[in-house]
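Novice: Got a structure for you, questions after.
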Amino acid sequence: MGVAITGTGSYLPEIKLTNRDMEMMVDTSDEWIITRTGIKERRICPKGKASSDLGVEASLRAIADSGIKKEDIDFIICATITADMYFPSTACIIQKKLGLENIPAFDFQAACSGFIYGLEIAKGLILGCGYKNGLVIASECMSRLTDYTDRSTCVLLGDGAGAAIISYSKEEGILDSYLASNGSYGNLLYTPGGGSLKSSSFEVIEKRMNFMKMEGSTLFKIAIHSMSEAVLKILEKNNLKKEDISLIIPHQANLRIIAGVAKNLDIPLEKFFINIEKYGNMSAACVPVALDEAVKSGKIKKGDLIILVAFGAGLTWASNLIRWVK
Ligand code: ACO
């Protein structure tokens, strides 16, 4: 007996922001964005909608995919750095929109590594508390944290949501996880204003402190190193060779980062699932959206061993070793 992923779902808002659109907003070019990042377009959540709305749609698809009734869900957890509001939690807002009551629901955040942390949290809740089915959501409206006058960040980010049903299962599916973080790198990627340190004010807005700040080139090197480490650690811990892995689902921050990890590990790039060209970096939502697309396009088959791997603000970095049992 163990814990396994029994359903996946994803949702991308319809509005597209293409590289041509970006050319009209900042001093950039389609050619620069494609060659430096691999991104062609990203999705934008419409005004009046929020992370919970994207999360609900992804959740409904994951519930349908798993074949359970929504009333069979025992808890809801949501990874997001773009919560609808300070409180209540986005997970509770999703709970209400799904028409569910009297089950635990809470948010947590590990930035782009959120979904990978979430699978391990869900496994712990199922094994430790006796729950049968959990809904793990990663939903992000990165457009709300994006400074569309800053060409070094605005071309990278997009909105979307992914979800999974995690269930107590006859077969072990979530085999192992490697979770890491190092807060001393926090200044490389952060939003200075709008939190409890510098709450919303005229000064915060005027100085654009409510938008994400990033040291891109330093992060680039750390990302390659930390994602490579997360893959190697989980292989070592489980006495596996890289050849045993059918597919790696990486965080989609930059195609050159994914290619750097592939080169570092001496694993062919074809073994990495890549969809960055369509959506850009959706923080925690990247991995579950890619997982759902990989499953639905037949790239993952029953019995396959796969690795999910990400890095993000914190800094955090993490991996899951998954056997696909569905
Ligand atoms: N269009 C045109 N030129 C640009 C753009 C742009 N959109 N952005 C930057 N440039 C320029 C720079 O100004 C610089 O010009 P200069 O040489 O005249 O000073 C030049 O391009 C090179 O800039 P670099 O920053 O060295 O470019 P680099 O090749 O490193 O690519 C990038 C920048 C894409 C940001 C890369 O460093 C990267 O992907 N870093 C990691 C980002 C990341 O993963 N962030 C974390 C995710 S976000 C999250 O977790 C929520």
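Novice: Would you kindly compute the Cα radius of gyration of region 176-323 and its largest Cα-Cα separation (Dmax), both in Å?
Specialist: Reported Rg and Dmax, both Å: 16.9, 55.
Novice: Only helical DSSP H runs with n ≥ 4 go in: add -39500 (n - 2.57) per run for the chain, normalise by residue count and round the 222 nm mean residue ellipticity to 500 deg cm²/dmol.
Specialist: Numbers: 11 runs with 113 residues, N = 326.
Computed ellipticity for the chain at 222 nm equals -10500 deg cm²/dmol.
Novice: Another question, then. What is the distance, in nm, between label points placed 7 Å from the Cα along the Cα-to-Cβ direction at Phe106 and at Glu14?
Specialist: Once both label points are built, they end up 3.8 nm from each other.
Novice: Convert each backbone phi in region 315-326 into a coupling constant with the Karplus relation 6.51 cos²θ - 1.76 cosθ + 1.60 (shift: θ = phi - 60°), then list the ³J(HN,Hα) values in order as whole Hz, x for Gly and Pro.
Specialist: 6, 10, 8, 6, 8, 10, 9, 10, 9, 7, 10, 7
Novice: Tell me the carbon and sulfur percent of the accessible area for the chain, rounded to whole percent, probe radius 1.4 Å.
Specialist: C and S fraction of accessible area: 54 percent.
Novice: So for region 176-323: antiparallel DSSP bridges make up what percent, rounded to the nearest 5?
Specialist: Numbers: 16 of 21 bridges.
Roughly 75 percent of the beta bridges in region 176-323 run antiparallel, per DSSP.
Novice: Chymotrypsin sites (Phe, Trp or Tyr not before Pro), restricted to region 86-148: which are DSSP loop and have at most 11 other Cβ atoms within 10 Å?
Specialist: Filter output for region 86-148: Tyr86.
Novice: Determine the sum of side-chain charges near Pro268: Lys and Arg each +1, Asp and Glu each -1, restricted to other residues whose C-beta is under 13 angstrom from that of Pro268. Write down the numbers at each step before the final one.
Specialist: Values: positive: Lys242, Lys263, Lys271; negative: Glu243, Asp266, Glu270.
That sum, taken over residues with Cβ under 13 Å, equals 0.
Novice: Then there is this: Cut-off 10 angstrom, C-alpha nodes, Gaussian network model of the chain. Which of Gly48, Gly160, Gly134 fluctuates the most?
Specialist: Answer for the Gaussian network model of the chain: Gly48.
Novice: In straight Cα distance, which lysines are under 16 Å from Lys296, not counting same-chain residues fewer than 8 positions off?
Specialist: Qualifying lysines at Cα under 16 Å: Lys326.
Novice: Right, next: Give a quick list of GluC sites (Glu not before Pro) in region 144-214 that DSSP marks as loop, anything other than H, G, I, E or B, with at most 16 other Cβ atoms within 10 Å.
Specialist: Filter output for region 144-214: Glu171, Glu172.
Novice: Distance check, please: which entries in Lys237/Lys263; Lys70/Lys170; Lys70/Lys241 exceed 29 angstrom between their Cα atoms?
Specialist: The pairs that break the limit, which is 29 Å between Cα atoms, are Lys70/Lys241.
Novice: Here's a follow-up. Taking Lys16 as the anchor, which lysines have their alpha carbon closer than 16 Å to its alpha carbon, excluding any fewer than eight residues away along the same chain?
Specialist: Partners within reach: Lys40, Lys47, Lys49, Lys278.
Novice: So what is the relative contact order for region 187-326, in percent, with contacts set as C-alpha pairs under 8 Å and at least six apart?
Specialist: Rounded, it is 25 percent for region 187-326.
Novice: Determine the shape class of the chain: with a ≥ b ≥ c the square roots of the Cα gyration tensor eigenvalues, call it rounded for a/c under 1.5, and otherwise prolate if a/b is greater than b/c, oblate otherwise.
Specialist: Oblate, because a/c is 1.5 or more while a/b does not exceed b/c.
Novice: Can you give the FRET efficiency to the nearest 0.05 for Arg208 and Leu179, using r as the Cβ-Cβ distance and R₀ = 30 Å?
Specialist: With R0 = 30 Å, the Cβ-Cβ based efficiency is 0.40.
Novice: Here is a further query. Keeping all protein chains in place and using 1.4 angstrom, which order do Thr18, Thr316 fall into by accessible surface area, from largest down?
Specialist: The ordering from most to least exposed comes out as Thr18, Thr316.
Novice: Nothing charged except the Cβ atoms of Lys and Arg (+1) and of Asp and Glu (-1): what's the magnitude of the dipole of the chain about its Cα centre? Round to the nearest 20 debye.
Specialist: Roughly 260 debye, rounded to the nearest 20.
Novice: Express the accessible area of the chain per residue in Å², computed with a 1.4 Å probe while the remaining protein chains stay in the model.
Specialist: Per-residue accessible area for the chain comes out at 43 Å².
Novice: Ok, one more. So how do 235-247, 209-221 stack up, highest first, on mean other-Cβ count within 10 Å?
Specialist: Result, highest mean Cβ count within 10 Å first: 209-221, 235-247.
The values are calculated or read from the model by the stated rules, or taken from the named source; none is laboratory data. Model, not experiment: these values are computed from the prediction. Because the Cβ atoms are built from the backbone with ideal geometry, glycine has one as well, and the counts that use them run over all protein chains shown. Just the protein is used for accessible areas: all its heavy atoms, side chains included, with ligands, DNA and RNA removed. Shrake-Rupley method; radii C 1.70, N 1.55, O 1.52, S 1.80 Å.
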